[in-house]
Amino acid sequence: MRQRRCYSTCSTSFIAGLVRVFLFWLIIGEALMIAGACVLHDHGRHQAVIGSTLLYESLAAIQDTEQTLFEAQQLSADQHRAFNARLVPVLQTGRDVNAVIVAWPTNQPAPVELLTLVTQIRALTEDLVTLLPEGAAKSLLAGKVLAAHGVILGILALFAGGGV
Amino acid sequence: MTPNEITALLAVIGELVTRLSEAIVAIRQTAADLGADEAQLARLDALYAERIARRTGGAPRSATSHRVSRS
């Protein structure tokens, strides 16, 4: 009788031990997984990638609209050349913004260069339409520039939120 | 261990297993997002290069505008 009780007690404590070991490794595993997820999660940079995509889209829309207006002879060759001279630095700065995001290390605050470049691109796009005479073509392009400014404000909001 | 304790333990284990599987899904999704981000940045760089070349006489103008979309 005593021997049977011992078997029963030993078997219960063996199961309890196994369960404790299993629980221990399960908790350790879970902690590691959650830590891994936190390390990999890089919300600010991901938002910047989306911002860079939208910035490209808005700059491309400016370029395409101007090209369409030029081909429709709503802009003269001189205006097209002058616009072009201002557009290329805008596109180059957009490309630089993209390059800064590429070099942005994971889980680091947003690089200061990003703020500088985005501010710069905003000023450059403001200058784009100033040389055009008042009219439908200028209004159309100004609308596209305004859309680009909306995107730029969105990227700047990354800094207001602490960058990451 | 009493049956009640075993039941309670099993409930805890069940909860932990659920969280563990959620963490695995989150990690896989984040890793996929990171890979997609890098590819997207490379694609944008190429698109900028093409547009700059088009306006500086480095490449002929394409009739189709190159757009990217991000899901």
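The values are calculated or read from the model by the stated rules, or taken from the named source; none is laboratory data. Bear in mind that the values here come from a model prediction, so they are computed numbers and not experimental data. So basically every Cβ, Gly included, is an ideal-geometry build from the backbone, and we count neighbours across all protein chains shown.
Do you know which of the residues in the stretch B:19-45 that are touching a residue at least 12 places away in the same chain (Cβ under 8 Å) and not polar (S, T, N, Q) is farthest from the other protein chains (Cβ to nearest Cβ)?
Only one residue tops the list, namely B:43.
Quick one: is residue A:151 modelled with pLDDT of 90 or more and under 30 Å from residue B:33 (Cα atoms)? Give the derivation first.
Values: modelled with pLDDT of 90 or more: no; under 30 Å from residue B:33 (Cα atoms): yes.
Against the criterion (modelled with pLDDT of 90 or more and under 30 Å from residue B:33 (Cα atoms)), residue A:151 does not qualify.
Please state which one of A:115, A:141 is in contact with an Asp or Glu (Cβ under 7 Å, 6 or more places away or on another chain) and either outside any loop (DSSP other than H, G, I, E, B) or over 21 Å from residue B:45 (Cβ atoms) (or both).
It is A:141.
Could you tell me which residue of the stretch B:46-59 is modelled with the lowest pLDDT, considering only residues that are more than 9 Å from every other protein chain (Cβ to nearest Cβ) and under 17 Å from residue A:85 (Cα atoms)? I'd like the intermediate steps shown before the answer.
First, the residues of the stretch B:46-59 that are more than 9 Å from every other protein chain (Cβ to nearest Cβ): B:46, B:50, B:53, B:57-59.
Those left that are additionally under 17 Å from residue A:85 (Cα atoms): B:50, B:53, B:57-59.
Details: B:50: 95, B:53: 93, B:57: 78, B:58: 56, B:59: 46.
In this case the residue turns out to be B:59.
Return the residues of the stretch A:66-86 that are in contact with a helix residue (DSSP H, G or I) (Cβ under 6 Å, 6 or more places away or on another chain) and either of a type in the set (Lys, Arg) or not in a loop (DSSP other than H, G, I, E, B) (or both); say none if nothing qualifies.
Within the stretch A:66-86, A:66, A:69, A:70, A:80, A:83, A:84, A:86 meet the criteria.
Go through (1) within 14 Å of chain B (Cβ to nearest Cβ); (2) farther than 27 Å from residue B:38 by Cα one by one and return the number of the condition residue A:90 breaks.
The one condition residue A:90 does not meet is (2).
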